[in-house]
Amino acid sequence: MYQEDYIMRTIKNLIKFLSKIVCGKDTIVYELSENEEYAQNDNLHKRLMTLLSEGKINKAENILFENFNPKDSRNMMVVIDFYQRLSNLDNEFLQVNNFSREEIEEGLRDIAKIAGIPTYKL
């Protein structure tokens, strides 16, 4: 119980920290854009949300990493939104779909590391 609370707090802090860096807010909710310039990120977001709703979390995360571009702030928003939504899922859904809170934390830390954002204090 204590371990799970700790991991959940750590995930929440990582999301908040990355959200502040990317867009100056505590949380990010990715919204689809009418701007053609953002079509690639919009399509990625739609694909990730579909896979997430189907419980294909590992596949979604693999696609996320394949398409990750830390220099694109909209892409960073897609990534943070994905992990934020993932963190809001209940433990049963995660377990049934072979994913854990520890993997959420690990994914967030990996993203930050690739982007050159230190998270060792979180």
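Values in this text are rule-based calculations from the coordinates and carry no lab data. Being a predicted model, the structure only gives us computed values, none of them experimental. Every residue, glycine as well, gets a Cβ built from its backbone with ideal geometry; the counts of neighbours run over all protein chains shown.
Observations, loosely collected:
- Subset of region 1-13 that is surrounded by fewer than 16 Cβ atoms within 10 Å (Cβ to Cβ) and hydroxyl-bearing (Ser, Thr, Tyr) - its residue that is nearest to Ser100 (Cα to Cα): Tyr6
Rundown of residues vs (1) outside any helix (DSSP H, G or I); (2) surrounded by 17 or more Cβ atoms within 10 Å (Cβ to Cβ), yes/no style:
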| residue | (1), (2) |
| --- | --- |
| Ile63 | no, no |
| Val79 | no, yes |
| Gln84 | no, yes |
| Glu92 | no, no |
| Asn98 | yes, no |
| Ile111 | no, yes |
| Tyr120 | yes, no |
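- Filtered by the rule that a residue be closer than 17 Å to Leu94 by Cα and touching a residue at least 24 places away in the same chain (Cβ under 8 Å), region 53-73 gives Gly55, Lys56, Ile57, Asn58, Glu61.
- Identity of the residue in region 14-30, in contact with a Ser or Thr (Cβ under 7 Å, 6 or more places away or on another chain) and among the hydroxyl-bearing types (Ser, Thr, Tyr), that ends up surrounded by the most Cβ atoms within 10 Å (Cβ to Cβ): Ser19
- Counting residues in region 37-50 that are in contact (Cβ under 8 Å) with a residue 40 or more places away in the chain and either touching a Cys at 6+ places or on another chain (Cβ under 8 Å) or part of a helix (DSSP H, G or I) (or both) gives zero.
- Any chance Ile117 is over 14 Å from the mean Cα position of the chain (by Cα), closer than 22 Å to Ile7 by Cβ and among the β-branched types (Val, Ile, Thr): yes
- Of all the residues in region 97-122, those that are under 15 Å from Ala60 (Cβ atoms) and among the hydrophobic types (A, V, I, L, M, F, W, C) number 4.
- Of the residues making up region 31-60, just one is polar (S, T, N, Q), under 14 Å from the mean Cα position of the chain (by Cα) and surrounded by fewer than 19 Cβ atoms within 10 Å (Cβ to Cβ), namely Asn58.
- Selected residue [more than 20 Å from Tyr6 (Cβ to Cβ) and not basic (Lys, Arg)] from Asn41, Asn91: Asn41
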